[in-house]
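What follows is one structure encoded as structure tokens, with my remarks underneath.
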Amino acid sequence: MYFSVDESTGKSNTYMEIATYPEKFTDDITVEISADSEDHCIIVLSNQMGRILRMMGVNVNQGKNQIHVDNVNALDAGIYQLSVKNTNSNILYSSILTKF
């Protein structure tokens, strides 16, 4: 469970539940975001050295959102970190994924 915070008021304005799957992938990663209102997030996929390999800005609608991270089939086998950030670059969610 994650809350997006309005910087001007300091209050929560969006409630989100975020998950990624599969944890062990070959050619597809899905980020599922369930939100109680519309918002905007940034999805970042990076390697173990912290180098950003994919970055996507996504508009999140109220309800369940399934976002597919593109072109992961071209990545080398290894361990990757996927993060979901708000527009202020605060990390809302982070997970470790393995590419076979």
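When we screen M49, M55 for residues that are assigned to a loop (DSSP other than H, G, I, E, B) and free of Cβ contacts under 8 Å to residues at least 60 places away in the same chain, the only hit is M49. Scanning region 10-25 for residues that are modelled with pLDDT of 90 or more and assigned to a strand (DSSP E or B), we see that the one that is farthest from M56 (Cα to Cα) is K24.
Residues in region 59-100 that are of a type in the set (S, T, N, Q) and in a helix (DSSP H, G or I): N73 alone. Looking at N86, N61, just one residue is modelled with pLDDT of 95 or more and touching a strand residue (DSSP E or B) at 6+ places or on another chain (Cβ under 8 Å), and that residue is N61.
Here is a yes/no grid of residues against (1) modelled with pLDDT under 95; (2) closer than 12 Å to L92 by Cβ; (3) surrounded by 11 or more Cβ atoms within 10 Å (Cβ to Cβ):
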| position | (1), (2), (3) |
| --- | --- |
| Y2 | yes, yes, yes |
| V5 | yes, yes, yes |
| S8 | yes, no, no |
| D27 | yes, no, yes |
| I33 | no, yes, yes |
| S37 | yes, no, yes |
| V44 | no, yes, yes |
| N47 | no, no, yes |
| I67 | no, no, yes |
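Assessment of region 56-77 against the conditions (within 9 Å of the chain's Cα centre (by Cα) and of a type outside the set (A, V, I, L, M, F, W, C)) yields no matching residue.
The values are calculated or read from the model by the stated rules, or taken from the named source; none is laboratory data. On a predicted model such as this, the values are computed, not experimentally measured, just so you know. In this analysis, Cβ positions are derived from the backbone assuming ideal geometry, glycine residues included, and neighbour counts consider all displayed protein chains.
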